[in-house]
Structures are given as structure tokens and as C-alpha cells.
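A short write-up of the structure that comes next.
The values are calculated or read from the model by the stated rules, or taken from the named source; none is laboratory data. No experiment lies behind these values; they were computed from the predicted model shown. Side chains are part of the model used for accessible areas, which takes the heavy atoms of the whole protein and leaves out ligands, DNA and RNA. Shrake-Rupley method; radii C 1.70, N 1.55, O 1.52, S 1.80 Å.
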Amino acid sequence: MALHKKRGHEVESLSDLRRLDLEQVDAVRGRKASWYYPAAAALSGAGAGLVISGGELVLAASAGAAAAPSGGAIAGAFAADTAAVLGLASRAVGHVSLSYGYDPEEPAEKLFVMSVVNVGTASSATAKNAAMADISRLTQALFRGKAWEVLSESVVTKVSSQFAKAFGFRLTKKGFGKAVPAFGIVVGGTLNWTTLEGIVDAAEMAYRRRFLLEKYPHLADAETPGPFLDDDFDVPDDADEEISVLDEIVEAGGPDLH
């Protein structure tokens, strides 16, 4: 808001940003999220790759296989890297959401953040379509002001916990290349960079869409829940599990938005 006021934009609260022209928002938003979060994730992935692949470059010249990391160390490295990526993903989406005037700390917005992360990390056509259907329905629910009385903090906490497990499984499955000797560092850094890059791109798409729907409500009439993509992905469907934030909301006792 301080940056907007510096440019002479009339804003007194975060929601006032949504009344600005998109050009004004873009002028202040900048591109920091597009490189800062991917870079931070790449460092985490490279470190995890070093641990998981056993530090082959060092081992070859010293202690050999006896110094290879234990199974516990490898599992710990995967878990720590997954937690770091999920944390950076949430912060990156939150960064973008604030730029468009949405508070990522509100309960409903936390669910939207998870749905954006889901879209950004889905790799198969089936998983991507399911994630896009989720985000479309959440967008409609938020845009139309559906009642969220039953959306307590406990519901959000339950959904966050389940999503973190599903996200961790998805990321770990993709990250098996980190265990390849000598190449684990490169694979880990590259995978995490592209993961965060995809999440930031998904966030910009999702929040620009919401921003424009609020300014031009008639566009909502053309909104459909899917399918959004042709099944022309190179990634087979069984290589990526579907994650539905909407299903998790219902299971946690929240509203059914299907």
C-alpha cells in the first residue's frame, strides 16, 4: 500500500487495490516473486540433492561407501526439502495475492492459496484439470460471496495438514532424481526452481483472473469448471496423483463447493 500511495494511487485499505486499474497494479507489483522464490527453492533442492546423493564427489576421494548417508538422513533431507518448498510456495502465492489486494491470512484465502499451489505443481493432464476445476469453483464461490460461516480455523488447519501430506508425496515422487549420484545437486536445484516458477505463474494467472472478475462481473457468466486442458501432456496420468482441495474441505467439515 505504501508503494501505491507513493505513486499517487488512492488506497486506504488492502481491498482498495482491487478497484485500481490492472496497469496500476502491474506497475507496483514488479517481478521479484518470479525469481526470488525459485532461487531460494533451488538452493534448498541443491542442498537436499547433496545429502540424498551421498556427496559422491567427496566420497570418491575419501571414505567411500561407508560414509554414504543413512536411510534416515536421506528421508530427513527429502522431508526438509519438501517442507522448505511448501513454505516458499505459500509465501510466493501470498506475495502475489497481496499485490492484487487479497489477504492470504484470511481462512478462505488460505484455501485459495493451496489450490493455486496445487495447480502450479500438477504435472499430468488429469491432475492439472482437477486442480483447475478446484480453483475455478473456489474463484466463483469467493466472487459470489458464498457464506463461509462453517469455515472455522480448525477446518483450514485440517485441510492444510492433508494438503501438506499430498503435496509432500507429489514432490518426493518427482524428486527421486536427487538420489542419482553426482547429479543429485543439479537435479534438486533444477526441479525446485521449475516447481516454484510454475507456482508463481499459476498464482499470477489465478489472481489476475479474480481481479478481472470483480471489475467485470459479466465475465463470470462465461466461467466453466473444466476441462481446461487437452490430454496432450507427455506426463502419464499415473505419474501424478490428483489432489482436490475441495474434497479436503468437505472431509474436514467445511462447505461443499463442487
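In order along segment 165-172, the phi-based Karplus estimate (6.51 cos²θ - 1.76 cosθ + 1.60, θ = phi - 60°) of 3J(HN,Hα) comes to 5, 5, 5, x, 5, 4, 5, 5 Hz; Gly and Pro are listed as x. Note on residue 219: accessible area is roughly 70 Å² with a 1.4 Å probe, heavy atoms of protein only.
The shape of segment 82-148 can be summarised by an equivalent ellipsoid whose semi-axes, obtained from the alpha carbon gyration tensor, come to 19, 17, 9 Å from longest to shortest.
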